[in-house]
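Accompanying notes for the structure given below.
Every read-out reported here was derived from the displayed coordinates using simple, explicitly stated rules and does not represent laboratory data. Fair warning: this is a prediction, and the values are worked out from it, not measured in the lab. Positions of Cβ are generated from backbone atoms using ideal geometry, with glycine treated the same way; all protein chains shown enter the neighbour counts.
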Amino acid sequence: MLNDIRWRFNHIAGPLFGILLFTYFVYHSIQGQHGILAWRQLDIQITKAEATFASLLAKQAELEQSVIMLRPSTLNLDMVEEQSRRMLNFTHKDDVIVIFSGVK
C-alpha cells in the first residue's frame with residue numbers, strides 16, 4: 001500500500017509541478033509588471049505623449065513665427081500694432097470689437 005502511494009505521488013508530482021510552473025509564468029506574462037497588460041498601458045501613454053508633443057511642436061512653430069515677425073530685420077508693423085494693442089488694451093475710436101464668449 002505504501003509503495004503504491006509513493007509510486008502514484010512520484011508520477012503525479014512531476015506533471016503537477018510542471019503545470020503549476022507553467023501557470024505561474026503565463027499569469028505573470030499577462031499580469032506582471034512587464035506583462036502584456038502593462039505593455040498596453042505603456043503604449044497608451046506613449047500615444048498620449050506623442051499627441052501632446054505634436055501639439056507642442058505646433059505651438060512652438062507658431063511662437064517662432066511670431067518672434068520672426070518681431071525681429072528688427074523683418075519687422076512687421078501690423079504685428080507690432082496687434083501686440084501693443086493686446087498688451088496695452090488699447091483701441092481706436094473707430095475700431096469694431098467682437099467679443100466671443102469662452103475664447104481667450
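Before moving on, here are some points about what is shown:
- Answer residue from segment 5-63, given it is closer than 30 Å to MET79 by Cβ and among the charged types (D, E, K, R) and is nearest to the chain's Cα centre (by Cα) among those: LYS59
- Residue pairs whose Cβ atoms lie under 6 Å apart, separated by 6 or more positions or on different chains, with the first residue in segment 5-20 and free of Cβ contacts under 8 Å to residues at least 12 places away in the same chain and the second loosely packed, with under 10 Cβ neighbours inside 10 Å, do not occur.
- Helices (runs of 4 or more DSSP H) within segment 1-95 that include 2 or more residues aromatic (Phe, Trp, Tyr): 2-31, 36-70
- Per the conditions (1) assigned to a helix (DSSP H, G or I); (2) over 26 Å from the mean Cα position of the chain (by Cα); (3) of a type outside the set (S, T, N, Q), the sole criterion not satisfied by PHE100 is (1).
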